[in-house]
Ligand code: HEM
Ligand code: HEM
């Protein structure tokens with residue numbers, strides 16, 4: 001078996017990964033900066049928090065679409081150059097990222113519906129479907145907040161691992177998640193062929 005089996009993620013996987021991934025990074029940063037951009041009690045707060053909620057709801061829908069797509073289109077098999085323990089670690093890491101991707105928008109959305117403020121979706125006031133229960137609101141928002149920290153840590157490890165594959169291992173793991181044209185441009189990353197790494 002060659003080190004690179006040539007298998008790669010499909011066009012839609014690649015698009016959804018990068019589009020949602022970059023939007024998520026922006027939404028996480030936006031969430032952490034909410035209090036700096038518009039401190040609580042200031043007039044700007046309502047507009048800013050509702051922009052965060054609106055973007056979050058759109059992301060939630062895209063994430064659901066991505067997960068459904070993924071359930072119907074399994075990930076490509078790993079290049080043989082990736083040790084079994086790393087395959088297991090990546091498998092569980094991807095599951096944990098997937099769980100965080102679901103919990104984040106869901107926690108925010110559920111919490112907001114147990115508050116009298118509800119969600120103003122890009123200016124359209126959606127009446128909350130739940131009663132105004134501050135305890136329930138706080139619970140879901142605490143889940144939202146704690147998951148945000150766990151998610152950030154997992155993403156840091158994930159990006160670190162991806163960069164290591166690209167720059168140190170120089171195997172196919174990074175390039176198989178790039179658009180096809182780019183993967184070709186970074187050809188030496190396409191394969192675990194030792195000759196290309198200068199080891200031969
Ligand atoms: C994937 C989507 C989302 C991400 C990545 C995200 C991320 C974050 C982050 C990082 C924070 C700051 C947490 C902290 O300061 O500890 C935050 C706060 C908040 N988010 Fe989200 N969020 C998302 C979706 C939503 C949605 C859909 C809603 C509601 C509909 C929402 C409502 C809130 C609220 C109300 C806060 C402020 C909580 C507070 O007062 O401390 N978020 N979000
Ligand atoms: C911006 C920096 C990022 C880089 C460089 C990056 C890189 C990669 C690469 C190379 C893969 C393919 C691994 C493989 O061969 O299986 C991958 C997969 C994945 N990435 Fe990222 N990623 C980034 C951001 C994110 C973010 C923010 C998320 C959010 C959760 C994320 C979630 C995932 C998931 C869930 C998979 C597994 C794909 C699947 O099985 O459908 N990535 N990433």
List residues of region 5-28, by number, whose backbone nitrogen lies under 20 Å from a label position 7 Å along Cα→C-beta of residue 75. 5-25
What distance in nm lies between label points placed 7 Å from Cα along the C-beta direction at residue 117 and residue 33? 1.9 nm
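List 24, 51, 124 from most exposed to least, where exposure is judged by having the fewest other Cβ atoms within 10 Å. Before the final figure, lay out the partial values.
Working: 24 21, 51 17, 124 9.
Least crowded to most crowded, the residues run 124, 51, 24.
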C-alpha long axis of helix 134-164 to longest principal axis of the chain, angle in °: 20 degrees
Can you tell me how much longer the chain between residue 99 and residue 162 gets when fully stretched, taken as 0.36 nm per residue apart minus their C-alpha distance, in nm with one decimal? 20.7 nm
Cα long-axis angle, helix 84-112 against the chain (0 to 90 degrees, to the nearest 10): 20 degrees
Taking the Cα centroid of region 164-182 and of region 2-73, what is the distance between the two, rounded to the nearest whole Å? 22 Å
Running a GNM on the chain with Cα contacts under 10 Å, which residue among 104, 177, 71 ends up with the highest mean-square fluctuation? 71
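Quick note: the coordinates plus some simple rules give every number you see, no bench work behind them. Keep in mind the model is a prediction, meaning the values are calculated, not measured. FYI the Cβ positions are ideal-geometry reconstructions off the backbone, even for glycines, and counts take in every protein chain you see.
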